[in-house]
Amino acid sequence: MPSLLLLLHFLHFPLLSFSRPYPNETIPGQNKLLLTVSPNGTIGDWRSDLVDTDSGSNVSGLSELKLYLHRFGYLQNGATSNFTDVFDEEFKSAISLYQSNLGLRVTGRLDSQTLSQISSPRCGVRDSVDGVVTKYAYFSGRPRWARPSPITLTYALSPTDTLDYISRKDTEAAVRRAFDRWAQVIPIRFSRAEDYEEADVKLGFYSGDHGDGEPFDGVLGVLAHAFSPESGKLHLDAAERWSVDFGGEDSKVAVDLESVVTHEIGHVLGLGHSSVREAVMYPSLSPRTRKADLTVDDVEGVQVLYGSNPNFKMSSLPESDTSSASSSCALVGPVLAMIIVVLIHTIS
Ligand SMILES: [Zn+2]
Ligand SMILES: [Zn+2]
C-alpha cells in the first residue's frame, strides 16, 4: 500500500515527517465528539463543559478528544486503549502542537477557538506531528511525481463510485477546474483519461470502509483524503452533501466539491497541510464555504516540488494574497464565529 501521507501540514523546511493519514482503526465514540449533527443538518449541543479545560482536569469526553488528536497524527505514543479523561501534560503538549499547526493561538488549553477547530469538518490526512508547521508542508521524504518533463498526469472519475444527485457532467467540470488551478502554477499538464483503470489520478466517492484502511465517517467529520505521490488515489466521502452550486442547495451541511477536490489534488501532488488558514491546503473547511483559489502559500509550496509554470506570475494572485504567506500564519481570525457551524459527525 502506498504510503499516505500525512500531510501535513505542511511542511516547510525542514521537512516534517508524516505518517499515513489514517490509522488502520476507527475511533470509538468519534461521533459523539463535541458536537453532533444529524444527516439533515440539525446540530446538537455544544459540549460547553469542555471549554477552558486545563491541566489536571478530569472531564468526561476528554478521552475522545485524545482519540481525535491521535487520529490526526498527535499523541502517537502509547495505546489508544489507555486514553483517559485526565488532562495530563502529554495531552497539553499535543494540544499546543495542534494549535500551532492549525494556526491557532497556542494556549495549551481547550479554549473555545480550539474546540471550534476540532469540531470543524476536515481532511482525513494527518497533520505533522514531528514539529511545528509554519506554512506549507510535504509528506515525509517529500515525494513528488518524478517523471521527465514536461509532466502530463491523466485523471479520471470512477465510472461507478459517483454521486446520483449531481450530474456527471457537473462533477467532472468541477474536477476539471480544480486541476486547472494547479496546472496554472506548475509545469504539469492534467489530461482526462478515457480509461479509468489507466489513469494516474483516480477520483471516486466512497462510503465507510472502502478497502484502503481509511474508512470514512458519515456526514461531516472527515470529508475526503488522498494519498501521496505517486499513488494518485483521491477519495471523497460519499456521505457528505456535496455541492457544485450553493445557490441551488439548501442543506446546512453542504460541502463545496471543487474546494475539497482542489485541496486533495494538492496532496496527490505531494503537499501536506498548511498552517496558513487562508491556504487551500489548510486542513479544515466549514460547510457552505468555498475556498478553491490557490494562495501564495499553496503556490510556493507546490513550486518547490515542480518549479513554476513559465506563464505564471505570482502577482496574478488576488491582491489580498500577495503578501508574504508566512505573515498570515498568526492570523487566527474570529473562529468563534464558526461555532454555530461547527459540526462534527453524525448521530446515526
Ligand atoms: Zn488534506
Ligand atoms: Zn480512501
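Over the stretch 151-332, what is the relative contact order in whole percent, taking alpha-carbon pairs under 8 Å and six or more residues apart?
Working: 325 pairs, mean separation 39.2, N = 182.
Taking the mean separation of contacting Cα pairs over the length of the stretch 151-332, I get 22 percent.
Going by a ≥ b ≥ c, the root eigenvalues of the Cα gyration tensor, does the stretch 94-171 fall in the rounded group (a/c under 1.5), the prolate group (a/b larger than b/c) or the oblate group? Mind showing how you got there, number by number?
Working: a/c = 3.76, a/b = 1.49, b/c = 2.52.
Oblate, because a/c is 1.5 or more while a/b does not exceed b/c.
Pull up all non-local amide H partners of Trp242: gap of 5 or more, or a different chain, and H-to-H distance under 5 Å with H placed in the peptide plane.
Val255
Quick one: the Cα spread of the stretch 151-332 along its three principal axes, in angstroms, biggest first?
Here the spans come out as 41, 37, 31 Å, largest first.
Would you grab the residues whose amide H sits under 5 Å from the one on Gly272? Only those 5+ places off in sequence or on another chain, please, with H modelled 1.01 Å from N.
So Gly272 has HN proximity to Phe10, Leu11, Ala137, Tyr138, Phe139.
How do His70, His267 line up, fewest other C-beta atoms within 10 Å first?
Working: His70 22, His267 30.
With the sparsest Cβ surroundings first, the list reads His70, His267.
List the residues whose amide H sits under 5 Å from the amide H of Phe216, counting only those 5 or more places along or on another chain, with H placed 1.01 Å from N in the peptide plane.
Gly208, Asp209, His210
What FRET efficiency would be calculated for the residue pair Asp52, Glu198, taking the C-beta separation as r and a Förster radius of 51 Å, to the nearest 0.05?
Working: r = 54 Å, r/R0 = 1.06.
So, using R0 = 51 Å, E works out to roughly 0.40.
Hey, what do the phi angles of the stretch 99-113 turn into as Karplus ³J(HN,Hα) couplings, whole Hz, using 6.51/-1.76/1.60 and θ = phi - 60°, x for Gly and Pro?
Karplus-based 3J(HN,Hα) across the stretch 99-113 equals 4, 5, 5, 9, x, 9, 5, 7, 10, x, 10, 8, 6, 4, 5 Hz.
Starting from 0.36 nm per residue, how many nanometres of slack lie between Asp209 and Glu230 once their C-alpha separation is accounted for?
Difference between extended and current length: 5.3 nm.
Based on the mean of other Cβ atoms within 10 Å per residue, sort peptides 161-170, 231-240 so the most packed one is first. Each step should come with its number before you reach the end.
Working: 161-170: 12.9, 231-240: 22.2.
Going from most to least packed, we get 231-240, 161-170.
Across the stretch 139-146, in residue order, what do the Karplus-derived ³J(HN,Hα) couplings come to in whole Hz, using 6.51 cos²θ - 1.76 cosθ + 1.60 with θ = phi - 60° and x for Gly and Pro?
7, 4, x, 6, x, 8, 6, 9
For a quick protection proxy, order the peptides 275-286, 197-208, 110-121 by their average other-Cβ count within 10 Å, most packed first.
Values: 275-286: 25.0, 197-208: 18.0, 110-121: 23.2.
Packing proxy ranking, top to bottom: 275-286, 110-121, 197-208.
Using r as the Cβ-Cβ distance of Phe246 and Lys169, and R0 as 22 Å, what FRET efficiency do you calculate, to the nearest 0.05?
On the way: r = 19 Å, r/R0 = 0.84.
The computed FRET efficiency comes out at 0.75.
Taking the Cα centre of the stretch 151-332 as the origin and placing charges on Cβ (Lys, Arg +1; Asp, Glu -1), which of Pro215, Ile186, Val201 is farthest toward the positive end of the dipole?
Going by the Cα projections, it comes out as Ile186.
If r is the Cβ-Cβ distance from Ala79 to Ser112 and R0 is 30 Å, what FRET efficiency results, to the nearest 0.05? Write down the numbers at each step before the final one.
Details: r = 30 Å, r/R0 = 1.01.
The computed FRET efficiency comes out at 0.50.
Do the alpha carbons of any pairs in Lys169/Lys202; Lys135/Lys202; Lys135/Lys252; Lys66/Lys92 sit beyond 20 Å of each other, and which pairs? Please report the intermediate quantities before stating the final value.
Numbers: Lys169/Lys202 17 Å; Lys135/Lys202 28 Å; Lys135/Lys252 30 Å; Lys66/Lys92 10 Å.
Over 20 Å apart, Cα to Cα: Lys135/Lys202; Lys135/Lys252.
Readers should treat all values here as calculations from the given coordinates under stated rules, not as data from a laboratory. All values reported here derive from a predicted model rather than from experimental measurement. Heads up, the Cβs are rebuilt from the backbone with ideal geometry, glycines too, and the neighbour counts pull from every protein chain shown.
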